[in-house]
Amino acid sequence: MLNAPQLSTGDMLRAAVSAGTEVGKKAKAVMDAGQLVSDEIVVGIIKDRIVQPDCCDGFILDGFPRTVEQAKKLDEMLAEHGEKVTSVVELRVPDEILEERICGRWIHKASGRSYHVKFCPPKSLKGQAPSTATMLDDETGEPLMQRSDDTADALKSRLVAYHNQTTPILNMYPKCHAIIDANQKPDQVWRAIFDLLRKKPRTILILFGKPGAGKGTHAPNIVEKLQIPQLSTGDMLREAVAKQTPVGIQAKAKMDAGELVSDEIVIGIINDRTVQPDCRNGFILDGFPRTVEQAKELDKMLAVTNEKVTKCIELDVPNSVLTERICGRWIHKSSGRSYNATIPSCRPKSLRDGQTACADNMKDDETGEQLEQRKDDNEASLKTRLDAYDRETHPILDLYKSSCAKVNANQGVDGVWTEIEQTLRG
(Lines give C-alpha, C1' and ligand atoms only; values in the text may rest on other atoms or scores of the structure.)
Protein backbone atom coordinates (compact mmCIF):
# COMPACT_ATOMS: atom_id res chain seq x y z
CA MET A 1 0.00 0.00 0.00
CA LEU A 2 2.78 2.45 0.91
CA ASN A 3 5.46 1.04 -1.40
CA ALA A 4 7.79 1.13 1.58
CA PRO A 5 9.71 -1.86 3.00
CA GLN A 6 9.22 -3.26 6.49
CA LEU A 7 12.53 -3.15 8.37
CA SER A 8 13.27 -5.56 11.20
CA THR A 9 16.30 -4.76 13.35
CA GLY A 10 17.16 -8.48 13.53
CA ASP A 11 17.15 -8.87 9.75
CA MET A 12 19.13 -5.65 9.25
CA LEU A 13 21.69 -6.72 11.85
CA ARG A 14 22.23 -10.12 10.22
CA ALA A 15 22.46 -8.53 6.77
CA ALA A 16 25.03 -5.97 7.94
CA VAL A 17 27.17 -8.66 9.59
CA SER A 18 26.93 -10.89 6.50
CA ALA A 19 27.81 -8.02 4.15
CA GLY A 20 30.78 -7.05 6.32
CA THR A 21 29.83 -3.38 6.47
CA GLU A 22 31.71 -1.13 8.87
CA VAL A 23 28.88 -1.07 11.37
CA GLY A 24 28.28 -4.78 10.74
CA LYS A 25 31.87 -5.54 11.78
CA LYS A 26 31.35 -3.59 14.99
CA ALA A 27 28.17 -5.55 15.71
CA LYS A 28 29.91 -8.88 15.06
CA ALA A 29 32.76 -8.02 17.40
CA VAL A 30 30.29 -7.20 20.17
CA MET A 31 28.29 -10.39 19.61
CA ASP A 32 31.44 -12.54 19.43
CA ALA A 33 32.37 -11.13 22.83
CA GLY A 34 28.99 -12.23 24.18
CA GLN A 35 27.78 -8.67 24.69
CA LEU A 36 24.56 -6.89 23.68
CA VAL A 37 24.69 -4.75 20.56
CA SER A 38 24.47 -1.10 21.62
CA ASP A 39 21.75 1.33 20.56
CA GLU A 40 24.40 3.34 18.69
CA ILE A 41 25.30 0.36 16.53
CA VAL A 42 21.65 -0.52 15.87
CA VAL A 43 20.88 3.07 14.83
CA GLY A 44 23.96 2.99 12.60
CA ILE A 45 22.65 -0.15 10.91
CA ILE A 46 19.27 1.51 10.37
CA LYS A 47 21.01 4.59 8.98
CA ASP A 48 22.86 2.48 6.41
CA ARG A 49 19.74 0.54 5.46
CA ILE A 50 17.39 3.45 4.84
CA VAL A 51 19.57 4.97 2.14
CA GLN A 52 18.97 1.92 -0.07
CA PRO A 53 16.84 2.51 -3.22
CA ASP A 54 13.80 0.61 -1.91
CA CYS A 55 13.51 3.14 0.93
CA CYS A 56 13.27 6.17 -1.36
CA ASP A 57 9.56 6.57 -0.58
CA GLY A 58 9.90 5.68 3.09
CA PHE A 59 10.16 2.67 5.38
CA ILE A 60 8.36 0.90 8.21
CA LEU A 61 10.17 0.11 11.46
CA ASP A 62 9.00 -2.98 13.31
CA GLY A 63 10.47 -3.81 16.74
CA PHE A 64 12.43 -0.58 17.07
CA PRO A 65 12.51 1.65 19.03
CA ARG A 66 11.67 -0.25 22.22
CA THR A 67 12.73 2.38 24.71
CA VAL A 68 12.51 6.16 25.00
CA GLU A 69 16.29 6.37 24.73
CA GLN A 70 16.24 4.42 21.46
CA ALA A 71 13.48 6.68 20.13
CA LYS A 72 15.56 9.76 20.92
CA LYS A 73 18.55 8.34 19.07
CA LEU A 74 16.33 7.49 16.10
CA ASP A 75 14.97 11.04 16.03
CA GLU A 76 18.51 12.46 16.15
CA MET A 77 19.56 10.26 13.22
CA LEU A 78 16.53 11.26 11.13
CA ALA A 79 17.02 14.95 11.95
CA GLU A 80 20.47 14.80 10.36
CA HIS A 81 18.65 14.26 7.04
CA GLY A 82 15.89 16.78 7.76
CA GLU A 83 13.40 13.99 8.39
CA LYS A 84 11.20 12.80 11.24
CA VAL A 85 8.79 10.01 12.14
CA THR A 86 5.59 10.72 10.21
CA SER A 87 3.23 8.05 11.54
CA VAL A 88 3.05 5.81 14.60
CA VAL A 89 0.44 3.05 14.52
CA GLU A 90 -0.32 1.20 17.76
CA LEU A 91 -2.17 -2.11 17.47
CA ARG A 92 -3.92 -2.31 20.83
CA VAL A 93 -5.19 -5.59 22.31
CA PRO A 94 -6.08 -6.26 25.99
CA ASP A 95 -3.36 -8.21 27.81
CA GLU A 96 -5.71 -11.05 28.72
CA ILE A 97 -6.47 -11.68 25.03
CA LEU A 98 -2.79 -11.78 24.11
CA GLU A 99 -2.05 -14.88 26.20
CA GLU A 100 -4.33 -17.06 24.08
CA ARG A 101 -2.90 -15.60 20.89
CA ILE A 102 0.75 -15.96 21.85
CA CYS A 103 0.71 -19.38 23.49
CA GLY A 104 -0.98 -20.94 20.46
CA ARG A 105 1.33 -19.31 17.91
CA TRP A 106 3.62 -21.33 15.64
CA ILE A 107 6.08 -19.82 13.13
CA HIS A 108 7.60 -20.88 9.82
CA LYS A 109 11.09 -19.61 10.49
CA ALA A 110 12.33 -19.21 6.92
CA SER A 111 9.38 -17.15 5.64
CA GLY A 112 8.00 -15.61 8.84
CA ARG A 113 4.53 -17.02 8.14
CA SER A 114 2.54 -17.29 11.33
CA TYR A 115 -0.10 -19.86 12.33
CA HIS A 116 -2.28 -20.45 15.39
CA VAL A 117 -3.64 -23.74 16.67
CA LYS A 118 -7.10 -22.16 17.16
CA PHE A 119 -7.42 -19.03 15.03
CA CYS A 120 -5.29 -19.88 11.99
CA PRO A 121 -4.29 -23.57 12.00
CA PRO A 122 -2.18 -25.05 9.19
CA LYS A 123 -3.88 -27.56 6.92
CA SER A 124 -1.79 -30.34 8.47
CA LEU A 125 -3.28 -30.02 11.96
CA LYS A 126 -6.69 -31.54 11.13
CA GLY A 127 -7.95 -31.47 14.72
CA GLN A 128 -4.90 -33.25 16.13
CA ALA A 129 -2.79 -32.17 19.08
CA PRO A 130 -0.24 -29.56 17.98
CA SER A 131 3.33 -30.81 17.62
CA THR A 132 6.22 -30.49 15.20
CA ALA A 133 4.76 -33.50 13.38
CA THR A 134 1.28 -31.99 12.94
CA MET A 135 2.16 -28.30 12.59
CA LEU A 136 3.55 -27.96 9.06
CA ASP A 137 3.83 -24.91 6.80
CA ASP A 138 1.03 -24.85 4.19
CA GLU A 139 3.34 -23.86 1.33
CA THR A 140 6.53 -25.85 1.97
CA GLY A 141 5.38 -28.67 4.27
CA GLU A 142 8.28 -27.87 6.59
CA PRO A 143 7.81 -28.18 10.39
CA LEU A 144 6.73 -25.05 12.22
CA MET A 145 8.30 -23.92 15.49
CA GLN A 146 7.28 -22.13 18.66
CA ARG A 147 9.43 -19.36 20.06
CA SER A 148 10.95 -20.26 23.38
CA ASP A 149 9.36 -17.20 24.98
CA ASP A 150 5.85 -17.88 23.64
CA THR A 151 4.72 -19.12 27.06
CA ALA A 152 2.37 -17.64 29.67
CA ASP A 153 5.19 -16.89 32.14
CA ALA A 154 7.48 -15.35 29.53
CA LEU A 155 4.60 -13.31 28.11
CA LYS A 156 3.91 -11.69 31.48
CA SER A 157 7.52 -10.50 31.67
CA ARG A 158 7.40 -9.25 28.08
CA LEU A 159 4.18 -7.32 28.69
CA VAL A 160 5.60 -5.70 31.83
CA ALA A 161 8.64 -4.63 29.81
CA TYR A 162 6.43 -3.31 27.01
CA HIS A 163 4.27 -1.22 29.34
CA ASN A 164 7.25 0.10 31.30
CA GLN A 165 9.68 0.74 28.45
CA THR A 166 7.86 0.92 25.11
CA THR A 167 4.47 2.49 25.90
CA PRO A 168 6.10 5.77 27.08
CA ILE A 169 7.51 6.20 23.55
CA LEU A 170 4.00 6.95 22.32
CA ASN A 171 3.97 10.17 24.31
CA MET A 172 6.86 11.41 22.17
CA TYR A 173 4.73 11.34 19.01
CA PRO A 174 1.32 12.74 20.07
CA LYS A 175 0.58 14.39 16.71
CA CYS A 176 1.14 11.28 14.59
CA HIS A 177 0.20 8.51 17.04
CA ALA A 178 -2.93 6.54 16.15
CA ILE A 179 -4.52 3.65 18.04
CA ILE A 180 -6.02 0.73 16.12
CA ASP A 181 -8.34 -1.67 17.92
CA ALA A 182 -6.68 -4.98 17.01
CA ASN A 183 -9.06 -7.05 19.13
CA GLN A 184 -11.31 -7.76 16.16
CA LYS A 185 -11.30 -9.77 12.95
CA PRO A 186 -8.21 -9.35 10.72
CA ASP A 187 -10.20 -7.80 7.85
CA GLN A 188 -11.66 -5.23 10.28
CA VAL A 189 -8.21 -4.41 11.65
CA TRP A 190 -6.87 -4.02 8.11
CA ARG A 191 -9.78 -1.78 7.14
CA ALA A 192 -8.97 0.53 10.07
CA ILE A 193 -5.28 0.61 9.12
CA PHE A 194 -6.14 1.17 5.45
CA ASP A 195 -8.37 4.15 6.29
CA LEU A 196 -5.71 5.59 8.59
CA LEU A 197 -2.91 5.42 6.03
CA ARG A 198 -4.83 6.91 3.12
CA LYS A 199 -3.12 10.19 2.47
CA LYS A 200 -5.89 11.84 0.47
CA PRO A 201 -9.56 11.24 -0.40
CA ARG A 202 -9.95 8.46 -2.92
CA THR A 203 -11.27 8.91 -6.44
CA ILE A 204 -14.34 6.68 -6.72
CA LEU A 205 -15.54 6.73 -10.31
CA ILE A 206 -18.48 4.92 -11.89
CA LEU A 207 -18.44 4.42 -15.66
CA PHE A 208 -21.90 4.28 -17.22
CA GLY A 209 -22.88 3.51 -20.78
CA LYS A 210 -25.18 1.29 -22.80
CA PRO A 211 -23.80 -1.85 -24.46
CA GLY A 212 -21.41 -0.75 -27.21
CA ALA A 213 -20.94 2.78 -25.87
CA GLY A 214 -17.17 2.29 -25.62
CA LYS A 215 -16.52 1.50 -21.96
CA GLY A 216 -14.18 -1.34 -22.90
CA THR A 217 -12.24 0.99 -25.20
CA HIS A 218 -11.80 3.90 -22.84
CA ALA A 219 -11.66 2.29 -19.38
CA PRO A 220 -7.99 1.20 -19.78
CA ASN A 221 -7.05 4.80 -20.65
CA ILE A 222 -8.84 6.06 -17.55
CA VAL A 223 -7.01 3.46 -15.47
CA GLU A 224 -3.68 4.67 -16.85
CA LYS A 225 -4.62 8.32 -16.41
CA LEU A 226 -5.78 8.02 -12.78
CA GLN A 227 -3.54 5.12 -11.75
CA ILE A 228 -6.45 3.34 -10.08
CA PRO A 229 -7.87 -0.10 -10.97
CA GLN A 230 -11.01 -0.86 -12.95
CA LEU A 231 -13.20 -3.26 -10.96
CA SER A 232 -15.59 -5.63 -12.68
CA THR A 233 -18.16 -7.33 -10.46
CA GLY A 234 -17.77 -10.53 -12.46
CA ASP A 235 -14.00 -10.63 -11.98
CA MET A 236 -14.31 -9.78 -8.28
CA LEU A 237 -16.93 -12.47 -7.78
CA ARG A 238 -14.81 -15.16 -9.43
CA GLU A 239 -11.76 -14.10 -7.43
CA ALA A 240 -13.65 -14.15 -4.10
CA VAL A 241 -15.01 -17.63 -4.87
CA ALA A 242 -11.57 -18.92 -5.90
CA LYS A 243 -9.93 -17.55 -2.73
CA GLN A 244 -12.78 -18.89 -0.58
CA THR A 245 -13.22 -15.64 1.30
CA PRO A 246 -16.21 -15.58 3.69
CA VAL A 247 -18.31 -13.62 1.23
CA GLY A 248 -16.97 -15.73 -1.65
CA ILE A 249 -18.20 -18.87 0.13
CA GLN A 250 -21.65 -17.27 0.45
CA ALA A 251 -21.65 -16.43 -3.26
CA LYS A 252 -20.63 -19.96 -4.26
CA ALA A 253 -23.43 -21.44 -2.18
CA LYS A 254 -25.95 -19.27 -4.02
CA MET A 255 -24.55 -20.14 -7.45
CA ASP A 256 -24.38 -23.86 -6.65
CA ALA A 257 -28.07 -23.68 -5.69
CA GLY A 258 -28.87 -22.03 -9.02
CA GLU A 259 -29.80 -18.75 -7.34
CA LEU A 260 -28.79 -15.18 -8.17
CA VAL A 261 -26.07 -13.67 -6.02
CA SER A 262 -27.75 -11.04 -3.84
CA ASP A 263 -26.89 -7.35 -3.89
CA GLU A 264 -25.74 -7.72 -0.28
CA ILE A 265 -23.16 -10.32 -1.24
CA VAL A 266 -21.94 -8.28 -4.22
CA ILE A 267 -21.52 -5.23 -1.97
CA GLY A 268 -19.55 -7.40 0.46
CA ILE A 269 -17.25 -8.51 -2.37
CA ILE A 270 -16.72 -4.89 -3.46
CA ASN A 271 -16.01 -3.90 0.15
CA ASP A 272 -13.35 -6.60 0.46
CA ARG A 273 -11.76 -5.72 -2.88
CA THR A 274 -11.57 -1.97 -2.36
CA VAL A 275 -9.36 -2.24 0.73
CA GLN A 276 -6.60 -3.89 -1.29
CA PRO A 277 -3.40 -1.85 -1.69
CA ASP A 278 -3.97 -1.04 -5.37
CA CYS A 279 -7.19 0.78 -4.39
CA ARG A 280 -5.46 3.15 -1.96
CA ASN A 281 -6.01 6.11 -4.30
CA GLY A 282 -9.40 4.99 -5.55
CA PHE A 283 -11.09 2.67 -8.03
CA ILE A 284 -13.36 2.58 -11.10
CA LEU A 285 -16.61 0.61 -11.02
CA ASP A 286 -17.76 -0.80 -14.36
CA GLY A 287 -21.04 -2.71 -14.55
CA PHE A 288 -22.14 -1.85 -11.04
CA PRO A 289 -24.46 -0.43 -9.85
CA ARG A 290 -27.13 -1.37 -12.40
CA THR A 291 -30.18 -0.37 -10.35
CA VAL A 292 -31.09 2.48 -8.03
CA GLU A 293 -31.29 0.01 -5.14
CA GLN A 294 -27.76 -1.20 -5.80
CA ALA A 295 -26.54 2.40 -5.95
CA LYS A 296 -28.11 3.11 -2.56
CA GLU A 297 -26.42 0.05 -1.05
CA LEU A 298 -23.10 1.16 -2.54
CA ASP A 299 -23.55 4.60 -0.98
CA LYS A 300 -24.21 3.01 2.42
CA MET A 301 -21.03 0.95 2.14
CA LEU A 302 -18.95 4.02 1.28
CA ALA A 303 -20.55 6.10 4.04
CA VAL A 304 -19.10 3.73 6.65
CA THR A 305 -15.66 5.16 5.84
CA ASN A 306 -16.96 8.69 5.22
CA GLU A 307 -16.56 8.30 1.47
CA LYS A 308 -18.81 8.80 -1.52
CA VAL A 309 -18.86 8.46 -5.29
CA THR A 310 -16.74 11.34 -6.55
CA LYS A 311 -17.33 11.15 -10.29
CA CYS A 312 -19.68 9.50 -12.79
CA ILE A 313 -19.08 9.44 -16.52
CA GLU A 314 -21.84 8.43 -18.94
CA LEU A 315 -20.76 7.53 -22.47
CA ASP A 316 -23.76 8.63 -24.54
CA VAL A 317 -24.51 7.04 -27.92
CA PRO A 318 -27.83 6.90 -29.83
CA ASN A 319 -29.50 3.48 -29.89
CA SER A 320 -29.42 3.33 -33.69
CA VAL A 321 -25.62 3.60 -33.69
CA LEU A 322 -25.28 0.99 -30.96
CA THR A 323 -26.96 -1.64 -33.12
CA GLU A 324 -24.21 -1.40 -35.72
CA ARG A 325 -21.52 -1.44 -33.06
CA ILE A 326 -22.86 -4.37 -31.09
CA CYS A 327 -23.87 -6.67 -33.89
CA GLY A 328 -20.45 -6.29 -35.52
CA ARG A 329 -18.51 -6.61 -32.27
CA TRP A 330 -15.95 -9.37 -31.71
CA ILE A 331 -13.99 -9.85 -28.46
CA HIS A 332 -10.60 -11.26 -27.51
CA LYS A 333 -11.72 -13.05 -24.39
CA SER A 334 -8.49 -13.22 -22.37
CA SER A 335 -7.49 -9.55 -22.82
CA GLY A 336 -10.88 -7.88 -23.32
CA ARG A 337 -9.72 -6.21 -26.55
CA SER A 338 -12.66 -5.33 -28.75
CA TYR A 339 -12.96 -5.21 -32.55
CA ASN A 340 -15.78 -4.47 -34.99
CA ALA A 341 -16.28 -6.10 -38.37
CA THR A 342 -18.52 -3.32 -39.70
CA ILE A 343 -16.38 -0.31 -38.74
CA PRO A 344 -13.20 -0.11 -40.87
CA SER A 345 -11.06 1.57 -38.22
CA CYS A 346 -11.92 -1.13 -35.67
CA ARG A 347 -11.41 -4.24 -37.82
CA PRO A 348 -8.63 -6.69 -36.94
CA LYS A 349 -5.77 -6.93 -39.42
CA SER A 350 -6.85 -10.49 -40.26
CA LEU A 351 -10.15 -9.35 -41.85
CA ARG A 352 -9.48 -8.41 -45.46
CA ASP A 353 -11.61 -6.04 -47.56
CA GLY A 354 -14.62 -7.83 -48.99
CA GLN A 355 -14.46 -10.74 -46.56
CA THR A 356 -17.40 -11.73 -44.38
CA ALA A 357 -16.47 -11.88 -40.70
CA CYS A 358 -16.15 -15.39 -39.25
CA ALA A 359 -14.08 -17.22 -36.66
CA ASP A 360 -11.40 -18.03 -39.27
CA ASN A 361 -10.65 -14.43 -40.24
CA MET A 362 -11.43 -12.58 -36.99
CA LYS A 363 -8.20 -12.85 -34.98
CA ASP A 364 -6.59 -10.74 -32.27
CA ASP A 365 -3.95 -8.35 -33.64
CA GLU A 366 -1.50 -9.02 -30.80
CA THR A 367 -1.78 -12.77 -30.20
CA GLY A 368 -3.32 -14.09 -33.42
CA GLU A 369 -5.87 -15.96 -31.31
CA GLN A 370 -9.46 -16.33 -32.52
CA LEU A 371 -11.98 -13.70 -31.51
CA GLU A 372 -15.52 -14.52 -30.46
CA GLN A 373 -18.95 -12.92 -30.37
CA ARG A 374 -21.10 -12.79 -27.28
CA LYS A 375 -24.31 -14.80 -27.59
CA ASP A 376 -26.39 -11.69 -26.84
CA ASP A 377 -24.66 -9.47 -29.42
CA ASN A 378 -27.63 -9.57 -31.79
CA GLU A 379 -30.48 -7.15 -32.54
CA ALA A 380 -33.18 -8.94 -30.52
CA SER A 381 -31.02 -9.30 -27.42
CA LEU A 382 -29.69 -5.78 -27.77
CA LYS A 383 -33.18 -4.29 -27.72
CA THR A 384 -33.90 -6.11 -24.45
CA ARG A 385 -30.63 -4.90 -22.93
CA LEU A 386 -31.18 -1.30 -24.03
CA ASP A 387 -34.70 -1.30 -22.61
CA ALA A 388 -33.34 -2.65 -19.30
CA TYR A 389 -30.65 0.06 -19.22
CA ASP A 390 -33.18 2.85 -19.82
CA ARG A 391 -35.58 1.43 -17.25
CA GLU A 392 -33.19 0.35 -14.46
CA THR A 393 -29.75 1.91 -14.88
CA HIS A 394 -30.32 5.35 -16.35
CA PRO A 395 -32.30 6.56 -13.28
CA ILE A 396 -29.14 6.08 -11.19
CA LEU A 397 -27.67 9.14 -12.87
CA ASP A 398 -30.20 11.30 -11.04
CA LEU A 399 -28.72 10.10 -7.73
CA TYR A 400 -25.31 11.40 -8.75
CA LYS A 401 -26.33 14.40 -10.84
CA SER A 402 -23.99 16.75 -8.97
CA SER A 403 -20.97 14.63 -9.93
CA CYS A 404 -22.12 13.15 -13.23
CA ALA A 405 -20.83 14.16 -16.66
CA LYS A 406 -22.19 13.11 -20.05
CA VAL A 407 -19.63 12.45 -22.79
CA ASN A 408 -20.57 12.37 -26.48
CA ALA A 409 -19.31 8.88 -27.40
CA ASN A 410 -20.79 9.07 -30.93
CA GLN A 411 -17.58 10.41 -32.45
CA GLY A 412 -14.04 9.27 -33.15
CA VAL A 413 -12.10 7.53 -30.38
CA ASP A 414 -9.73 10.49 -29.98
CA GLY A 415 -12.61 12.94 -29.67
CA VAL A 416 -14.28 10.81 -27.00
CA TRP A 417 -11.04 10.56 -25.03
CA THR A 418 -10.52 14.32 -25.22
CA GLU A 419 -13.92 14.87 -23.61
CA ILE A 420 -13.20 12.22 -20.96
CA GLU A 421 -9.89 13.88 -20.08
CA GLN A 422 -11.62 17.24 -19.71
CA THR A 423 -14.18 15.63 -17.42
CA LEU A 424 -11.46 14.01 -15.27
CA ARG A 425 -9.73 17.34 -14.85
CA GLY A 426 -12.94 19.07 -13.85
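The values are calculated or read from the model by the stated rules, or taken from the named source; none is laboratory data. Just so you know, these numbers come straight off a predicted model, no measurement behind them. All Cβ positions, even for glycine, are placed from backbone atoms using ideal geometry, and neighbour counts span all protein chains on display. Only protein heavy atoms, including side chains, enter the accessible area calculation; ligands, DNA and RNA are left aside. Shrake-Rupley method; radii C 1.70, N 1.55, O 1.52, S 1.80 Å.
For the residues Ser350, Ser335, the requirement of being modelled with pLDDT of 90 or more and either assigned to a loop (DSSP other than H, G, I, E, B) or open to solvent by less than 20 Å² (accessible area, probe 1.4 Å) (or both) singles out Ser350.
Taking the listed residues Val407, Val416, the one that is under 11 Å from Ile313 (Cα atoms), crowded, with 16+ Cβ neighbours inside 10 Å and of a type outside the set (S, T, N, Q) is Val407, with no other qualifying. With respect to the conditions (1) open to solvent by less than 70 Å² (accessible area, probe 1.4 Å); (2) closer than 25 Å to Asp398 by Cβ; (3) touching a residue at least 24 places away in the same chain (Cβ under 8 Å), Ala303 falls short on a single one, namely (3).
Counting only residues that are open to solvent by 50 Å² or more (accessible area, probe 1.4 Å) and of a type in the set (Val, Ile, Thr), the range 204-232 holds 1 of them. Residues in the range 16-33 that are part of a loop (DSSP other than H, G, I, E, B) and hydrophobic (A, V, I, L, M, F, W, C): Ala33 alone.
Of all residues in the range 333-344, those satisfying the criterion of being free of Cβ contacts under 8 Å to residues at least 24 places away in the same chain and either hydroxyl-bearing (Ser, Thr, Tyr) or under 25 Å from Asp286 (Cα atoms) (or both) are Asn340, Ala341, Thr342, Ile343. The criterion of being at pLDDT 90 or above, in contact with a helix residue (DSSP H, G or I) (Cβ under 9 Å, 6 or more places away or on another chain) and acidic (Asp, Glu) holds for Glu264.
Of the residues making up the range 268-287, those that are free of Cβ contacts under 8 Å to residues at least 60 places away in the same chain and surrounded by 19 or more Cβ atoms within 10 Å (Cβ to Cβ) are Gly268, Ile269, Ile270, Arg273, Thr274. Residue pairs whose Cβ atoms lie under 6 Å apart, separated by 6 or more positions or on different chains, with the first residue in the range 353-381 and open to solvent by 80 Å² or more (accessible area, probe 1.4 Å) and in a loop (DSSP other than H, G, I, E, B) and the second among the polar types (S, T, N, Q) and modelled with pLDDT of 90 or more, are Gln355/Asn361.
If I filter the range 88-105 for residues that are β-branched (Val, Ile, Thr), open to solvent by less than 40 Å² (accessible area, probe 1.4 Å), part of a helix (DSSP H, G or I) and under 29 Å from Asp195 (Cβ atoms), do I get at least one hit? Within the range 88-105, one or more residues are β-branched (Val, Ile, Thr), open to solvent by less than 40 Å² (accessible area, probe 1.4 Å), part of a helix (DSSP H, G or I) and under 29 Å from Asp195 (Cβ atoms).
Only one of Leu2, Leu13, Leu36, Leu7 is touching a residue at least 40 places away in the same chain (Cβ under 8 Å) and either in a loop (DSSP other than H, G, I, E, B) or out of contact with any strand residue (DSSP E or B) (no Cβ under 7 Å at 6 or more places or on another chain) (or both). Can you tell me which?
Criteria check complete, one pass: Leu2.
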